[in-house]
1. May I ask you to say which residue of 111, 105 is under 24 Å from residue 34 (Cα atoms), surrounded by 16 or more Cβ atoms within 10 Å (Cβ to Cβ), more than 11 Å from the chain's Cα centre (by Cα) and of a type in the set (Val, Ile, Thr)?
2. How do the strands (runs of 3 or more DSSP E) wholly within segment 57-133 filter down when requiring 2 or more residues that are touching a residue at least 40 places away in the same chain (Cβ under 8 Å) and within 18 Å of residue 26 (Cβ to Cβ): which remain?
3. Of the numbered conditions (1) outside any strand (DSSP E or B); (2) modelled with pLDDT under 90; (3) more than 20 Å from residue 130 (Cβ to Cβ), residue 28 fails exactly one; give the number of that condition.
4. Just to be sure, is residue 97 among the aromatic types (Phe, Trp, Tyr) and surrounded by 12 or more Cβ atoms within 10 Å (Cβ to Cβ)?
Amino acid sequence: MRHILILLYVMCASTCAWSQCEESLKAAEKTFGTNFIAEPYFIQGMMGQGDSLSFESLWLANNTYRIATSAVDKQRINISVFDQNNNILFKGSEFNYPSDWDFFVEKSMEVRCVIRCPMPEPVCVTVLTGFKK
């Protein structure tokens, strides 16, 4: 009986997490609207306080790029963007933790994006990047 209860709990928890991540992706996609084209890949995972994820990307000159997260009003996801020399270009905590931000790039550069979750309870976070049409 105990094994059955544990199995049911694991099934319920994984289904709830998957459902939360599905909604998370939809929330991030909404911020792109019709003016931006999303990159074909995205970053997604369960994050709690102190967790972070990062990725690198090549941004080409004379383009506007958007980073969008699935964060809603009460979720504070911190986006930080660094150039190839590790200089900080943007820190979301300085702008009240926006769920998305646009960057105009004058010259091509490699950037590193770091996403941190200061929320105490775990949430599914989705991060999309893309460029303006």
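The values are calculated or read from the model by the stated rules, or taken from the named source; none is laboratory data. All values reported here derive from a predicted model rather than from experimental measurement. Here Cβ is always computed from backbone atoms with ideal geometry, including for glycine, and neighbour counts include all displayed protein chains.
1. Unique residue meeting the criteria: 105.
2. Strands (runs of 3 or more DSSP E) meeting the threshold: 63-69, 123-132.
3. Unmet condition: (3).
4. yes
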